[in-house]
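Below: one structure, written as C-alpha cells.
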Amino acid sequence: MPDDGRPSALAAVAEGVAGCRRCPRLVAWREEVAATKRAAFADQAYWGRGVPGFGDPAARVLVVGLAPAAHGANRTGRMFTGDRSGEWLYRALWRAGFANQPHSTSADDGLTLTGAWITAPVKCAPPGNKPTPAERDACARWFGEELALLADVEVVLALGKFGFDALCAHLGVRPRPAFGHGVEVAVPPDPSRAVAGGGPLTVLGCYHVSQQNTFTGKLTEPMLDAVLARARALAGLPPVERPAR
C-alpha cells in the first residue's frame, strides 16, 4: 500500500461520499430501501448511504460500474457486494488475480483487492437503476476526487455504457467514442488532467455484469475473463492462472 497519503485521502473521500445528501431523490430512495428492506435481508442493518470506492490505492486497473444496487451495495456498503452482479464480478476478479477470494458478501468478509480499484460515477442507489444526468453531474465531484488520487491507474474497465460515457466525459475524450464490448480507447497523456497523474490511459469497454446481460448470455464468463486478462496485459501486470470455473 502506498505511504504517500493516498489511503488517508481516499478514506476522507469515502467519508464525504457516505455523508453526501446532494441529490434528494437518491437520498429518499436509498433510505426508503434501507428502512423497508427485502424479506431475505430483514434481519440485517442496511448501509443506506452513499457507497465509496473500494480496492487497492496503488491500483493499476480501475473498474467503473454504474451505481450501487438497492439491495446490494446499498445494503452492504461496498461496491458490487451482496448481489448477483457482484458475484459475477468478484469471481472474475479472483480468476484474473485481482482478488484474494472469489466471493464478496459483506464489508467484513475478508476480501481484498490487489492492483484494482472499483467505483461508480453515481454513489447512491437510484430507483430502477437509472440515475438522471443531473444526479450523475452532482456526483462528479466525488468521482473526480477519487480518480485524481489513483495516480497509478493505467487501464480503466468501464462496465456498461453509462459508466463508459461518464468516464470518457470526465477524461475529456473527444470525439466521444461509441461503447461496445471489448472496445479500446487510447487516451493520450495530459499534464492538466488530474487522473492517473496525467499519464496515458486505456479505456476498455465491457458489457455490464447485470442479470439482464448474464442471464441472457449477452455477457459470458469467458468474455469477462478475456477483458480482464486484456486489462492486466495493458497495465503491465503478469498473467494469472486460476482453477477452472
Nearest-0.05 FRET efficiency for Thr36 and Val183 at R0 = 45 Å, using Cβ-Cβ distance, is 0.70
Which value in nm describes the separation of the simple spin-label points at Thr114 and Val240, placed 7 Å from the Cα toward the beta carbon? 0.7 nm
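What shape does the range 5-81 take by its C-alpha gyration tensor, where a ≥ b ≥ c are the square roots of the eigenvalues and a/c under 1.5 counts as rounded, a/b above b/c as prolate, and the rest as oblate?
Values: a/c = 2.22, a/b = 1.69, b/c = 1.32.
Cα axes put the range 5-81 in the prolate bin.
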Among rounded, prolate and oblate, which fits the range 124-245 when a ≥ b ≥ c are the square roots of the eigenvalues of its C-alpha gyration tensor, a/c under 1.5 means rounded, and a/b larger than b/c means prolate? oblate
What is the distance in Å between the Cα centres of the range 187-222 and the range 20-59? 24 Å
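Nearest 500 deg cm²/dmol is fine: what mean residue ellipticity at 222 nm does the chain get from its DSSP H runs of n ≥ 4 alone, each adding -39,500 (n - 2.57), divided by its residue count? Display every interim value, and only then the final one.
Details: 9 runs with 90 residues, N = 245.
The per-residue figure over the chain is -11000 deg cm²/dmol.
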Ala99 long-range amide H proximity, modeled H, under 5 Å: Trp94, Thr114
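Of the peptides 8-14, 69-75, 227-233, 172-178, how do they stack up when ordered by the mean number of other Cβ atoms within 10 Å, highest first?
Working: 8-14: 15.4, 69-75: 24.6, 227-233: 20.0, 172-178: 11.4.
The peptides rank, most packed first, as 69-75, 227-233, 8-14, 172-178.
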Set of lysines near Lys218 by C-alpha distance (under 28 Å), chain-local residues within fewer than 8 positions excluded: Lys123, Lys130, Lys161
I want the antiparallel fraction of DSSP beta bridges within the chain, as a percent rounded to 5. 35 percent
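None of the figures in this text is laboratory data; all of them are computed from the coordinates on show. Bear in mind the structure is a predicted one, so any value in this text is a computation, not a measurement. So basically every Cβ, Gly included, is an ideal-geometry build from the backbone, and we count neighbours across all protein chains shown.
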